[in-house]
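Engineer: Okay, here's the structure, questions in a sec.
The values are calculated or read from the model by the stated rules, or taken from the named source; none is laboratory data. Since the structure is predicted, the reported quantities are computational estimates derived from the model, not experimental observations. A quick note on method: Cβ atoms are made from the backbone with ideal geometry, for glycine too, and the neighbour counts reach across all protein chains shown.
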Amino acid sequence: MSHANRGLEEGNPEQVGFSRDRLARLTESLRQEVETGQLPGANMLIARHGKIAYFESVGYRDKASKSPMTKDAIFRIYSMSKPITSVAAMTLAEQGRLLLESPVAAYIPQFAEAKVGVLRPPMMAALPPTMDLVPCGRPMTVQDLLRHTSGLTYGFFDTPIGKLYRDANFFGADFTNAEFVGKLATLPLAFQPGAGWNYSHSTDVLGRVVEVVSGKSLYEWEQEQILGPLGMSETTFYVADKAKHARVAEPAPPDHLVGGAPPYDPRQALKAQMGGQGMQSTTIDYARFLQMMLNGGALEGKRVLSPETVAYMTSDHLGHDIPPGPTWYIPGPGYGFGLGFAVRRTQGEAVHAGSAGNFHWSGAAGTMFWCDPKRDFFALLMVQASMQLFRLESKIRNMVYAALVEPEK
């Protein structure tokens, strides 16, 4: 079967080179996380060669009501919305409607006057620094949005410009994407476009670019180009069907906040369709998206992107000439960043197992995935436990690779 026609089928561990006994360790570890109160519940799925080798549910979907975790639970995926929005932008690039070198201001004119905030030390130590606003050395481009080199930042970073973002209350109000970017464009950039990497609202702005170029809402374009063709019917910006509301997975105390704030309610319809943070999905839905990427842009004969575009997106776009910006969020040594995905540069250097060419990302509520093209598999963890994300990352990766006993394709 060609990869373009390959779907996501039921399989078993031995069929695709995993050890059943070693995967059982993973299940037991997740159960211990639940028993010790670290996680309310979790779904974990691993697929190789288009076959599901492992799909387990542990713990609670809603611990307060003692509702058990189910495989069809709906999770807030926060920043795992970013890869979907990035793919949406690249479908427009493939159609010749969007150029990555284009200035963002060509689509959002408010960014034409963007300035960079440069902090100046105070004359006296007891005084706060002052901020000069200087012109951009070059325009912010669409590629900058895709790879987080735009100069934008997030309000949860403890910097003077981050405080301006916090004061703008982007997470506490319901803006349309057009209203959001209009307000964002009035704030200073944290650094010159292209001069560094900084995790940011870049993908939210990219979502608005998709709307301007496509002439449709972000969700309409994603539904037409990605979600519909891939059969991702439960990946949305809010859960419209009341019959599905009980399936929403909930965090549990003490880990019940996301970035210090209560998680958003997926049952509430909002004007916003934030491409960097606003979606929810199920384990199987998101697994179909990952299988499409691992297949080189197609699933069950439905092509979303070409293999060359997927390879381009999952290559490092930073190199060693772009330093970190004010905050360094790339997950440690051995990693760079592509277009919507972190990319592993080397098999060594990182603190956990993996292959060069791996691409991955995660969400603030605790969800995470990685794809390993060299060994033709992906792993997906769906949880709602924000504070456990970085603690779990190395542990889960090491345990999955320990279970992969036939590593070659």
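Engineer: If Ala73 satisfies all but one of (1) more than 23 Å from the chain's Cα centre (by Cα); (2) under 30 Å from Gly7 (Cβ atoms); (3) in the same structural domain as Met292 (by TED's automatic domain parsing), what's the number of the condition it fails?
Structural biologist: So the condition that Ala73 fails would be (1).
Condition check ((1) under 22 Å from the mean Cα position of the chain (by Cα); (2) of a type in the set (S, T, N, Q)) across all residues:
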{"residue": "Gln32", "(1), (2)": "no, yes"}
{"residue": "Thr36", "(1), (2)": "no, yes"}
{"residue": "Ile46", "(1), (2)": "yes, no"}
{"residue": "Arg97", "(1), (2)": "no, no"}
{"residue": "Val134", "(1), (2)": "no, no"}
{"residue": "Arg138", "(1), (2)": "no, no"}
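Engineer: Somewhere in segment 238-257, is a residue in a helix (DSSP H, G or I) and buried (at least 16 other Cβ atoms within 10 Å of the Cβ)?
Structural biologist: First, the residues of segment 238-257 that are in a helix (DSSP H, G or I): 242-247.
Next cut, buried (at least 16 other Cβ atoms within 10 Å of the Cβ) only: 244, 247.
Yes, segment 238-257 has at least one match.
Engineer: Let me ask something else about it. Quick test for you: out of Ser214, Ser233, pick the one residue that is of a type in the set (Ser, Thr, Tyr), in contact with a helix residue (DSSP H, G or I) (Cβ under 7 Å, 6 or more places away or on another chain) and within 30 Å of Asn5 (Cβ to Cβ).
Structural biologist: Details: Ser233 fails: in contact with a helix residue (DSSP H, G or I) (Cβ under 7 Å, 6 or more places away or on another chain).
That would be Ser214, the only listed residue that is of a type in the set (Ser, Thr, Tyr), in contact with a helix residue (DSSP H, G or I) (Cβ under 7 Å, 6 or more places away or on another chain) and within 30 Å of Asn5 (Cβ to Cβ).
Engineer: Determine, yes or no, whether Tyr60 is under 25 Å from Leu230 (Cα atoms), part of a strand (DSSP E or B) and of a type in the set (Phe, Trp, Tyr). Spell out the reasoning first.
Structural biologist: Values: under 25 Å from Leu230 (Cα atoms): no; part of a strand (DSSP E or B): yes; of a type in the set (Phe, Trp, Tyr): yes.
So Tyr60 fails the test.
Engineer: Here is a follow-up. Restricting to segment 188-241, give me the number of residues that are in contact with a His (Cβ under 7 Å, 6 or more places away or on another chain) and over 19 Å from Arg147 (Cα atoms). Working first, answer last.
Structural biologist: First, the residues of segment 188-241 that are in contact with a His (Cβ under 7 Å, 6 or more places away or on another chain): 197-200, 202, 239.
Those left that are additionally over 19 Å from Arg147 (Cα atoms): 239.
Looking only at that region, the number is 1.
Engineer: Can we say Thr203 is over 30 Å from Gly37 (Cβ atoms) and over 21 Å from the mean Cα position of the chain (by Cα)?
Structural biologist: Numbers: over 30 Å from Gly37 (Cβ atoms): yes; over 21 Å from the mean Cα position of the chain (by Cα): no.
So Thr203 fails the test.
Engineer: For segment 98-123, what are the residues that are in contact with an Asp or Glu (Cβ under 8 Å, 6 or more places away or on another chain) and part of a helix (DSSP H, G or I)?
Structural biologist: Within segment 98-123, just Val104 meets the criteria.
Engineer: For segment 1-24: of the residues being hydrophobic (A, V, I, L, M, F, W, C), under 27 Å from the mean Cα position of the chain (by Cα) and over 22 Å from Met399 (Cα atoms), which is modelled with the lowest pLDDT?
Structural biologist: Ala4
Engineer: Ala402: out of contact with any Gly (no Cβ under 9 Å at 6 or more places or on another chain), more than 23 Å from His148 (Cα to Cα) and buried (at least 21 other Cβ atoms within 10 Å of the Cβ), yes or no? Steps first, please.
Structural biologist: Values: out of contact with any Gly (no Cβ under 9 Å at 6 or more places or on another chain): yes; more than 23 Å from His148 (Cα to Cα): yes; buried (at least 21 other Cβ atoms within 10 Å of the Cβ): no.
Spelling it out, it is not the case that Ala402 is out of contact with any Gly (no Cβ under 9 Å at 6 or more places or on another chain), more than 23 Å from His148 (Cα to Cα) and buried (at least 21 other Cβ atoms within 10 Å of the Cβ).
Engineer: Quick one: would you say Gln273 is buried (at least 22 other Cβ atoms within 10 Å of the Cβ), at pLDDT 90 or above, over 22 Å from Ala385 (Cβ atoms) and within 18 Å of the chain's Cα centre (by Cα)?
Structural biologist: Details: buried (at least 22 other Cβ atoms within 10 Å of the Cβ): yes; at pLDDT 90 or above: yes; over 22 Å from Ala385 (Cβ atoms): yes; within 18 Å of the chain's Cα centre (by Cα): yes.
Spelling it out, Gln273 is indeed buried (at least 22 other Cβ atoms within 10 Å of the Cβ), at pLDDT 90 or above, over 22 Å from Ala385 (Cβ atoms) and within 18 Å of the chain's Cα centre (by Cα).
Engineer: Of the numbered conditions (1) outside the structural domain of Arg397 (by TED's automatic domain parsing); (2) assigned to a helix (DSSP H, G or I), His3 fails exactly one; give the number of that condition.
Structural biologist: Every listed condition holds for His3 apart from (2).
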